[in-house]
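Below: the structure, in structure tokens.
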Amino acid sequence: NWEFKVLTISEEHVFSTAEEEIFRKWLINLDKRLTESVMSEEDRNEKQAMIQSLEEKLQNCYKDLSETKQRLKQSYDNPCEKDSKHLEELMVAIQNLQNSLQLLNG
């Protein structure tokens, strides 16, 4: 069994799990919360602005992806090479943005 204690101002909590992976996820989450709790207000605001910017870029990519797919559907018999390449680039960009947001959001 994997066990750890969390001390709060008012009490102590003991958590236990049989799975190491769950234990590791808890530790990562607690470490993230600790880091955020000591983060300066300026850093918090900067992080929030970065998250908002990435979310806006992701929404723009989704919109562009939808439009590009529509153009490719309309030109099914003779697809545009530029749109095909752009579609691939958008898929990579979306994956990168999602990964970045996941890292920032925990």
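Values quoted throughout were computed directly from the atomic coordinates according to the rules given, and no laboratory measurement underlies them. Predicted model only: the values in this text are computed from it and were never measured. Here the Cβ is made from the backbone with ideal geometry for all residues, glycine too, and neighbour counts use every protein chain on show.
Quick notes on this one:
- Computed from the C-beta positions of residue 50 and residue 2, the FRET efficiency with R₀ = 30 Å rounds to 0.35.
- Note on the chain: along the principal axes its Cα atoms extend 67, 38, 15 Å, ordered by decreasing extent.
- Annotation for residue 91 and residue 103: the two label points, set 7 Å from Cα along the Cα-Cβ direction, are 2.3 nm apart.
- Links that overshoot a 30 Å alpha carbon limit, given the list 25/63; 25/85; 57/85: 25/63; 25/85
- Relative packing of 74-83, 59-68, which averages over residues the other C-beta atoms within 10 Å, highest first: 59-68, 74-83
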